[in-house]
1. How big is the convex hull of the Cα atoms of segment F:95-199, per residue, in Å³?
2. Considering only the label points, 7 Å along Cα→Cβ from Cα, what distances in nm to one decimal separate C:Arg2 from the same position in each other copy, shortest first?
3. How high is the relative contact order of segment B:114-156, in percent, with contacts defined as C-alpha pairs under 8 Å that are six or more residues apart?
4. Please list, in chain and number order, the residues 5+ apart from D:Thr87 or on another chain whose amide H is under 5 Å from its amide H, with Hs placed from the backbone.
5. Considering every residue in D:74-87, what mean count of other chain Cβ atoms within 10 Å of its Cβ is obtained?
6. Using the Cα centre of chain D as the reference point, and only Cβ charges (+1 on K/R, -1 on D/E), how large is the resulting charge dipole? Debye, rounded to the nearest 20.
7. Just order F:159-171, F:175-187 by mean Cβ neighbour count inside 10 Å, highest at the front, would you?
8. Defining a contact as two alpha carbons under 8 Å apart and six or more residues distant in sequence, what relative contact order in percent does segment C:95-199 show?
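Just so it is clear, none of the values below were taken in a lab; they were calculated from the coordinates. From a predicted model like this one, the values you see are computed outputs, not experimental measurements. A quick note on method: Cβ atoms are made from the backbone with ideal geometry, for glycine too, and the neighbour counts reach across all protein chains shown.
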Number of protein chains: 6
Amino acid sequence: MRILVVNPNTTASMTEKACLAARQVASEGTEIIAVTSAHGPVSIEGYYDEALAVPGMLQAIQAHENFDAVVIACFDDTGLDAARCVTDKPVIGIGEAGYRVASMLANKFSVVTTLARSVPALEHNLLRYGMERQCISVRSSEIPVLELECDGSDAMQKIGQEIEQAIVEDRAEAIVLGCAGMVDLAEKLSAQFAIPVLDGVTCAVSLCESLVRLRVKTSRQGGYAPPPTEKMAASAFHATSRQTTD
Amino acid sequence: MRILVVNPNTTASMTEKACLAARQVASEGTEIIAVTSAHGPVSIEGYYDEALAVPGMLQAIQAHENFDAVVIACFDDTGLDAARCVTDKPVIGIGEAGYRVASMLANKFSVVTTLARSVPALEHNLLRYGMERQCISVRSSEIPVLELECDGSDAMQKIGQEIEQAIVEDRAEAIVLGCAGMVDLAEKLSAQFAIPVLDGVTCAVSLCESLVRLRVKTSRQGGYAPPPTEKMAASAFHATSRQTTD
Amino acid sequence: MRILVVNPNTTASMTEKACLAARQVASEGTEIIAVTSAHGPVSIEGYYDEALAVPGMLQAIQAHENFDAVVIACFDDTGLDAARCVTDKPVIGIGEAGYRVASMLANKFSVVTTLARSVPALEHNLLRYGMERQCISVRSSEIPVLELECDGSDAMQKIGQEIEQAIVEDRAEAIVLGCAGMVDLAEKLSAQFAIPVLDGVTCAVSLCESLVRLRVKTSRQGGYAPPPTEKMAASAFHATSRQTTD
Amino acid sequence: MRILVVNPNTTASMTEKACLAARQVASEGTEIIAVTSAHGPVSIEGYYDEALAVPGMLQAIQAHENFDAVVIACFDDTGLDAARCVTDKPVIGIGEAGYRVASMLANKFSVVTTLARSVPALEHNLLRYGMERQCISVRSSEIPVLELECDGSDAMQKIGQEIEQAIVEDRAEAIVLGCAGMVDLAEKLSAQFAIPVLDGVTCAVSLCESLVRLRVKTSRQGGYAPPPTEKMAASAFHATSRQTTD
Amino acid sequence: MRILVVNPNTTASMTEKACLAARQVASEGTEIIAVTSAHGPVSIEGYYDEALAVPGMLQAIQAHENFDAVVIACFDDTGLDAARCVTDKPVIGIGEAGYRVASMLANKFSVVTTLARSVPALEHNLLRYGMERQCISVRSSEIPVLELECDGSDAMQKIGQEIEQAIVEDRAEAIVLGCAGMVDLAEKLSAQFAIPVLDGVTCAVSLCESLVRLRVKTSRQGGYAPPPTEKMAASAFHATSRQTTD
Amino acid sequence: MRILVVNPNTTASMTEKACLAARQVASEGTEIIAVTSAHGPVSIEGYYDEALAVPGMLQAIQAHENFDAVVIACFDDTGLDAARCVTDKPVIGIGEAGYRVASMLANKFSVVTTLARSVPALEHNLLRYGMERQCISVRSSEIPVLELECDGSDAMQKIGQEIEQAIVEDRAEAIVLGCAGMVDLAEKLSAQFAIPVLDGVTCAVSLCESLVRLRVKTSRQGGYAPPPTEKMAASAFHATSRQTTD
């Protein structure tokens, strides 16, 4: 089984971190193909970054034909719906994956993400997925995404503080870490707080394996129907010409 | 990995059918332990049956110590919350599993279940899981559960009619079959209607494998906190004395 | 008129306290028949206790034929739906009763219950009853149910603190006491805080009288349809054999 | 116990019909005081009539001091919130009462009312009461309110048709008749369709008796706080001068 | 274009303040006709005042024939639905207007209003308009409406404190001032807090201009259908006789 | 006042039609600057087209500095949130505008759009805007967007059929036409069906004029905070290089 993990931003170190985490959780026989988007923002923090990241991400998917499922490795689930139109192979966003796993382990959970500017976009996703009641709060640690890539950052401590408040004030029974860059912190924080602290990348890889084993595909009826061939072709042409220039 | 598949009703042929389906989807290395509840109703159709099935199901879980995850093989997700208090290993109901898989493949889905009397219980679950918007309709085929066990039943045809209406009238993009006894129909119906038609048993087994690989456990904080030891002991005593008489 | 008040746990002192309260509010001519469940947990605190309490409670209802309405004297409304399948006489849970009375007296109310582990189960009920907006908070006083049965407990004080916070922080206009064991505190707390502080037992008895006077019955169409006779008989048999052993 | 039944429209024959129904369901010892509003519309069909009916209704309540509870005998629950500010005695609207009784007897119910123009106002009430999920449909029979007062009307038949559709198409398990003028039809329709068919007047009287026996009052904190004395006095003055002219 | 701005309370100084604000925002060519209700409460603070204010407000609309749109200059949107039955010209409440403008400028907003007793009425409106998620909090400054009319009040400071808390604690991205009497504070507070602080009067006037330019009218189908002529006539008669006495 | 009307697809004839409609409704002194996106899909029908249209649309906004407000002339409100990060001038989508105007004229409305594949994206927007209750149905006429550009199409008739069903079956009191290409049909259909039939382009232009006159800006706090300068610069560079190639 081959799972395509697409990082929709252009920071390769984040792709590597996600890839490493993905490989640790993947079953024997599952191959992880990690791809960094060829153009787009260096990190995704809010609506603007999201919007500019989607075409590059879709091109990355369209450029790889030989895969069984796709993980979108951005916690905003950037372009998830569009990606489901491009391929009938299962596509899962890491935000979505974290929420779905949390809701099988806890009555209520909180999200701890990076910047306040990202919160409304996450809340829109939660509402759309029907998670607006189970997710009791979305907290921001005010750590920019790229700072998570630096050694010596106090990210762990700041995130820990938010987790503690989520448990005490919001009665959160589980935590979803709200950024692909936090993938390496989940295990330690789980141990520290004695509740499930989930990272979306591993959750998404594992759910993808499930869907592939179930041999199910994204529905082609309704909202995820494939675009007409001429539109796909036109867009592929743009992709090519753009990749040449960029 | 060992997955305990508990049939909360006492009809062994349904357990066998579920077990067969579970084994077909299970990964190499996953052992399926299928258990029929020792006492309770012969089928679960609505609130009354649900209520009487739960203690037997909990005893079945408590009687088996050596497992990594539990599937509750009844579409009403009978006793799901109580089971999550009894063990910290992941527990998934087959209704829940079907809904969660459907919501990763389609914008909207419909449920096709057995009797009208079961519909309100399913709708309560959907509301609780936050699926009340994504699940566009719960349709009943008016086939009693046990009729699904008979050769020569016209179940396939009746269910097919409801699926057709769900697609045309409700714009369903996927279908979740609403009874463990329909597990053998999913593949044929998927092919016939060219949209995902999902069976909860296989979905639940596969999601359990995911959770086990992720090494996550049910939260012990809040609603799923384990009951005090003396209560567990008292209940185990009753279980024993009851099993002697029944 | 005869109202059956079933305590679904096995602690007789709680049944007596509920019975006393029920008789104080009952109209002349209303007979209160208070019954302690023959088997099940000693107190109901969360999902696990709920699940084990239901069969005993249903048997208690089935064992008494001569009644006009049933009160389920547990704030989790344990087995309410199942009980409505067993008899067409009105059945009301004390949680439900407290919420419904509060919503006729106040724009918003808070619940003050015993342990945090009970909160998610209550929140699920509130959602199901459509009370998730009118109930502004469910607060736990962290007093175990059975401590309410002890002289010299500081329950009154702890509950009072939560009520004060509910008024100040949540703008609660009324309070529902979230445990049958708090029935004797309602009047004093109402006086102390000058807002309605409601106890579910008295509310449920009074609402039952209403329904009986209206000569209405639980609907037999759909979710509360009576189970087939053979299922009822099978369960009655188990009940008998179990009562012999237990 | 004295229950004030206020008809907020000026049609005395409707008051009499409501009074008759109220007395039939009232307990021994309960006195029904039925009052027709002194000025306002002859029937209440939609927002405009509602708005003009409220001051007259409030004056009727303020003019009667000696009562224990108030029933607002209009299915729109006209002026319910304002009435709860005017007195601390319990006040119940007949729409509210019908919905609350239905929700204790059935998983889902439908409303059958008079004209389409009344439907949005009822739907707003249902949403506010948290009944928007349990009430599966509001159907209009297109019978004007005052036609219900005429002999030889085919109201019974038209309403019956809507009930039948509600059962078959909407899976309604109970029906609430959506007009005070239908009070005399409930019993026959219940028998005909074998599900609870409820009339709001009797439900409201009976619920009022419950609240009075519980010795509870409307909360004086927050939204139902009494208006300052000078405002009450000013309004009383207007009421007097108006009654002189009208 | 002529916009009728109706103050539903009887305090002329508030009408003048609203009129002034309306004229400042109105386009060239738009005439503002400001009207004080002839009878009703001196200020509108909660359900009781609302109810008594509506007939006077409707009469004010019916008395003026030559207008293109109506603004109801009370933040409770007093009688909005009834007013839409009386005329097919667009009618907008200032609460509604503030909410709609805020929701085009911000992901989430807070309301800062006068007294706690007004909060539930506002929350009901927000729910009805579908704003219950975008409006993150309704805060009361505990300044009575008429105090806003006094020189030397500390209203500005108290309101500022609530705005600060709304930004910090509730993550409000915009503020809607919850009283017509605050119309002169919006600009200063916007500058002070560097987020949109909106006043409903100006928002409503401007939205009315939009609707008039679009040449749209209130729907005459369903809930806003005009009342039958005889009802309108009857009410007009009462209005006349009442105006004579008052 | 200058309003930038951006057509996010690349079909110039649609831009012209939108521009014409915009100019007809614009006030004297309002200049309409209509822009066709430089790259992206020829029409926007569902998630995939939306995703590819956003970068071109953002570039169109960034390329024009001298404007007071922006209209996104695609009924999916493509990239609305991202656009609000790029400029603090008000930005309104034509879907959003149609819904907001409809909700000031009617209790409930229906949307009639082009293809079924677009429906889920519209339903997500409606949910996000809090319109999921007021919008009673989203109906598709199964006319592709570009067919609306052809003479002799039977679009008018097909759309009329859906409107008729929306009125009769769904009790819609107003209609929002769900495609920028239907802008020229609104007036005729309004007259034909005697209820408001709204076109989003004119609604958006008119609402933009309102916001500009109110001198309000998009909030810079939270979700619409401007992206850091270096991200804006990076994206502008890509835009340039891309425009050269395309």
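1. That works out to 84 Å³ per residue.
2. 3.8, 5.1, 7.5, 7.5, 8.7
3. Relative contact order comes out at 48 percent.
4. Distant-sequence amide H within range of D:Thr87: zero hits.
5. Mean partner shielding for this stretch: 3.
6. Details: 20 positive and 31 negative charges, 180 e Å.
With only Lys, Arg, Asp and Glu charged at Cβ, the dipole is about 860 debye.
7. Values: F:159-171: 17.5, F:175-187: 25.7.
Ranking, from highest mean packing down: F:175-187, F:159-171.
8. Worked out over segment C:95-199, it gives 35 percent.
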